[in-house]
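Next up is a structure, given as structure tokens.
The values are calculated or read from the model by the stated rules, or taken from the named source; none is laboratory data. Treat the numbers as computed from the prediction; the structure is a model and nothing was measured. Neighbour counts run over all protein chains shown; Cβ positions are idealised from the backbone, glycine included. Ligands, DNA and RNA are stripped out before the accessible areas are found, and what is left, the full protein with its side chains, is counted by its heavy atoms. Shrake-Rupley method; radii C 1.70, N 1.55, O 1.52, S 1.80 Å.
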Amino acid sequence: MDFSQIPDGHEDGGEQMVFRYNREERLKHAPQNVRDYYNGTFMPRRGLFRSLISTHGNRYLLISVGLCIGVVLLASVLLHRESATVGGVGTQLSAFSFEESVYASLKLDKAGKHVSLTLPAPVSARFSFIGVDGQPVQEQLITGKYDGKELFLRTTTTDYDIVKVTVVLDVAGQSVDLTAAVLRR
């Protein structure tokens with residue numbers, strides 16, 4: 001069936017509407033970038049970075065994403081340090097909860113080539129157990145001697161909704177702060 005012969009676009013008894021389309025006339029009034037596109041001379045900007053800074057909105061978005069990534073990285077490095085190096089010795093703090101008790105363990109690694117401590121070195125660690133309100137629930141001081149071998153300083157306390165453990169570690173006068181979230185098991 002040929003639908004081209006069916007009259008369309010007019011009232012009963014009225015004249016049929018006539019649509020006229022002239023491409024040259026339309027392009028004459030179009031903006032320059034549209035005319036360039038139809039002529040084939042339009043070259044879009046190429047490259048990821050150019051598209052990210054092509055407009056003011058894109059620039060603001062790129063800057064805000066960069067700032068957010070920077071803040072997250074800075075906060076993760078400064079706020080939740082579970083491991084650090086003091087005097088050339090690597091340290092690591094871990095804490096977990098099991099059967100109504102919180103166990104905290106501080107490990108000092110075996111001495112390597114770049115240790116700047118005179119061995120044996122006195123070690124003191126002040127463990128602070130932080131509750132859900134952000135206040136210390138309990139503090140404990142544990143001391144020992146580091147002789148170049150692996151050293152573990154461990155403590156335990158009753159779990160009063162403790163969410164993290166902080167340690168101020170002092171090895172032969174050099175100190176570092178460590179923080180670990182309490183893992184629930």
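Please list the three semi-axes, largest first and in whole Å, of the ellipsoid equivalent to the range 45-185, using sqrt of 5 times the eigenvalues of its alpha carbon gyration tensor.
Over the Cα atoms of the range 45-185, the ellipsoid semi-axes are 39, 23, 11 Å.
Given +1 on the Cβ of Lys and Arg, -1 on the Cβ of Asp and Glu, and no further charges, what dipole in debye does the chain carry about its Cα centre, rounded to the nearest 20?
Values: 20 positive and 20 negative charges, 240 e Å.
In debye, rounded to 20, the chain gives about 1160.
Taking R0 as 25 Å, what FRET efficiency do you get between Ser76 and Ser51 from their Cβ-Cβ distance, rounded to the nearest 0.05? Could you put the intermediate results ahead of the total?
Working: r = 29 Å, r/R0 = 1.18.
The computed FRET efficiency comes out at 0.25.
Of all the accessible heavy-atom surface of the range 92-185, with the other protein chains kept in place and a 1.4 Å probe, what percent is carbon and sulfur?
49
Let me ask something else about it. In whole percent, what relative contact order does the chain give with Cα contacts below 8 Å and a gap of six or more residues? Present the calculation step by step, with values, prior to reporting the outcome.
Numbers: 281 pairs, mean separation 35.8, N = 185.
19 percent.
Counting other Cβ atoms within 10 Å of each Cβ, which trypsin sites (Lys or Arg not before Pro) in the range 1-76 have at most 14 and sit in a DSSP loop? Before the final figure, lay out each step's value.
Details: sites: Arg20, Arg23, Arg26, Lys28, Arg35, Arg45, Arg46, Arg50, Arg59; in loops: Arg20, Arg45, Arg46.
For trypsin sites (Lys or Arg not before Pro) across the range 1-76 that sit outside H, G, I, E and B with at most 14 neighbouring Cβ atoms in 10 Å, the list reads Arg20, Arg45, Arg46.
Sticking with this structure for a sec: Please list, by residue number, every one of the chymotrypsin sites (Phe, Trp or Tyr not before Pro) in the range 28-121 that is coil in DSSP and has at most 16 other beta-carbon atoms within 10 Å. Numbers along the way, then the final one.
Details: sites: Tyr37, Tyr38, Phe42, Phe49, Tyr60, Phe96, Phe98, Tyr103; in loops: Phe42.
For chymotrypsin sites (Phe, Trp or Tyr not before Pro) across the range 28-121 that sit outside H, G, I, E and B with at most 16 neighbouring Cβ atoms in 10 Å, the list reads Phe42.
Using a 10 angstrom cutoff on alpha carbons, build the Gaussian network for the chain and name the most mobile of Gly88, Gly112, Gly47.
The residue with the greatest mean-square fluctuation here is Gly47.
Helix 56-79 sits at what angle to the longest principal axis of the chain, using alpha carbons and giving 0 to 90 degrees rounded to 10?
It works out to around 10 degrees.
Tell me which of Val65, Gly13, Ser175 sits at the most positive position along the dipole axis of the chain, charges placed on C-beta atoms (Lys, Arg +1; Asp, Glu -1).
My answer, from the dipole projection, is Ser175.
In Å², and per residue, what accessible area does the range 1-116 have when probed at 1.4 Å with the other protein chains present?
On the way: 9810 Å² over 116 residues.
Per residue, the range 1-116 has an accessible area of 85 Å².
DSSP loop trypsin sites (Lys or Arg not before Pro) in the range 92-166 with at most 16 other Cβ atoms within 10 Å of their Cβ, which ones? Can you show the working numbers first?
Details: sites: Lys107, Lys110, Lys113, Arg126, Lys145, Lys149, Arg154, Lys164; in loops: Lys110, Lys113, Lys149.
Passing sites in the range 92-166 are Lys110, Lys113, Lys149.
Treat each spin label as a single point 7 Å out from the Cα along the C-beta direction, and report the Asp12 to Lys107 distance in nm.
Inter-label distance under the simple model: 9.1 nm.
Another one. Please check: in the Gaussian network model of the chain (C-alpha springs, under 10 Å), which one of Asn58, Asn33, Asn22 has the largest mean-square fluctuation.
Asn22
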